[in-house]
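A.B. asks: Below is one structure. I have some questions about it.
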Amino acid sequence: MNSLLRLASLTLAVVAIATTSLHLQAQGAKKRIAYVTNGVDPFWDTAAAGVRAAEKEFNVKAEIRMPPKGIVDQKRMIESLLAQGIDGIAISPIDAKNQVGLINEACAQAPVITHDSDAPASKRLCFVGMNNYRAGRAAGKLVKEALPNGGKLMIFVGRLEQLNSQQRRQGVIDELLDRPEQDLEKMQFDPPGKALHGTKYHVLDTRTDNFDYARAKANAEDAMAANPDLDCMVGLFAYNTPKCLEAVKEAGKIGRIKLVSFDEQDAVLEGIAQGQVHGTISQQPYFYGYHSIRILNALAKGDKSVLPKAGFYEVPIVEVRKANVAAFRAELKKLQAAGK
């Protein structure tokens, strides 16, 4: 009997030690955090630098996914990450309204936040990004600087299914038509496809390209051909203004057609330095990546104190003009180097 008792006690001790060891290993294991973009673009390379910097600082394993083929690809990537037992996901929804179900499914399995573009109707825990509507109004102010006497313009964007592009576009329109500022929770959007006229500024149309760079350039060429008196082009996604710039150069209309941009592609920053682009609104995507990983790492460990008030961690915009473009480029290079 004593032998049986000793054997049972020894077995229990071994099990206890093994359980404790596994628990400690689990506690000490690096959290696996996924950062899912809405496409492939140099814009996301800067965000990825922020992801890598946070990966080192917070001792996590970060996995970056960039869907090359849109919403179907993004869905496949998210489902694969969940099947692998990912500890947290940051998603930039391609179509917020129609991806609520997918995001909520992910929320049931791991902490989920959105970045760059939000899905406020979902159960995501917070959104990391800029106030896209106010950023759009800031871009509208750049247009007013470039065309103080007014004029005709067109807006160019990858797609309008994303909430960020809808808000950004509306901000530009409301600013140029001198409308009062809207509340993000109760926004009204002007449908695309018809011209909008103010006392000085006229928004002739909004052209989309679905992330097709050749089509983006063709849209700019077609706009100039259809509107010989076009005064300004506004690009809402990172690659739009570079493609507009190519088309304007080839048409010999540099200086005649003003260009206003978003983000910080090299072609845009060089264009600002050379006086070919009036200015750009930087979202500072490095901080989208950095703060997404910081927040998700804490959430994966059960720490909800990192969640921002009202579920929105706002990354401030930077307005870049010729006067500050050199300093901005220098700081951008430092941030990009920090993520290598």
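A.B. asks: Beyond 29 Å, how much of the Cα-Cα pair distribution for the chain remains, as a whole percent?
C.D. replies: When all Cα pairs of the chain are counted, 43 percent exceed 29 Å.
A.B. asks: Tell me which aspartates and glutamates have Cα within less than 20 Å of Lys333's Cα, excluding those fewer than 8 residues away on the same chain?
C.D. replies: In chain and number order, the partners are Asp41, Asp45, Glu55, Glu57, Asp263, Glu264, Asp266, Glu270, Glu319.
A.B. asks: Just for the chain, what percent of DSSP beta bridges are antiparallel, to the closest 5?
C.D. replies: Once the DSSP bridges in the chain are tallied, antiparallel ones form about 10 percent.
A.B. asks: Follow-up question, since we're still on this one. Enumerate the amide H contacts of Tyr35 below 5 Å, restricted to partners 5 or more residues apart or on another chain; note that Pro and chain-start residues carry no placed amide H.
C.D. replies: Amide H neighbours of Tyr35: Glu63, Ile64, Arg65, Ala90.
A.B. asks: Among 142-151, 307-316, how do they line up from the highest to the lowest mean number of other beta-carbon atoms within 10 Å?
C.D. replies: Packing order, densest peptide first, comes out as 142-151, 307-316.
A.B. asks: Using the Cβ atoms and a cut-off under 9 Å, what net charge is assigned to the surroundings of Ala300, where Lys and Arg are +1 and Asp and Glu are -1?
C.D. replies: Charge balance near Ala300 sits at +1.
A.B. asks: Could you give me the ³J(HN,Hα) list for segment 101-111, computed from phi with Karplus coefficients 6.51, -1.76, 1.60 and θ = phi - 60°, whole Hz, x at Gly and Pro?
C.D. replies: Calculated HN-Hα couplings, in order: x, 4, 5, 5, 4, 5, 4, 6, 10, 7, x Hz.
A.B. asks: Still on this structure, please answer the following. Dividing the Cα convex hull volume of segment 132-282 by residue count, how many Å³ per residue is that?
C.D. replies: Convex hull of Cα atoms, per residue: 97 Å³.
A.B. asks: A further question on this structure: Which of these, Ser282, Ser261, Ser305, has the largest mean-square fluctuation under a Gaussian network model of the chain (Cα springs below 10 Å)?
C.D. replies: Greatest mean-square fluctuation among the candidates belongs to Ser305.
A.B. asks: Find how much the distance from Asn59 to Ala337 grows on full extension, using 0.36 nm per residue of separation minus their present alpha carbon separation; answer in nm with one decimal.
C.D. replies: Full-extension gain reported as 98.2 nm.
A.B. asks: Oh, and also: Using 27 Å as the Cα-Cα cut-off, could you pick out the over-long pairs in Lys141/Lys253; Lys69/Lys123; Lys97/Lys301; Lys144/Lys322; Lys141/Lys249; Lys144/Lys243?
C.D. replies: Where the Cα-Cα span goes over 27 Å, the pairs concerned are Lys97/Lys301.
A.B. asks: Continuing with this model, one more query. Please state the relative contact order of the chain as a whole percent: Cα pairs under 8 Å, 6+ residues apart?
C.D. replies: Contact order relative to length: 21 percent.
A.B. asks: May I pose another question? Among Val318, Val40, rank each residue by its count of other Cβ atoms within 10 Å, from fewest to most, as a rough exposure measure.
C.D. replies: Neighbour counts put them in this order, fewest first: Val40, Val318.
Read-outs: derived from the displayed coordinates by stated rules, not from any lab. Just so it is clear, the model here is predicted, and its values are computed rather than measured. Using ideal geometry, Cβ is built from the backbone for each residue, glycine included, and neighbour counts are taken over all protein chains shown.
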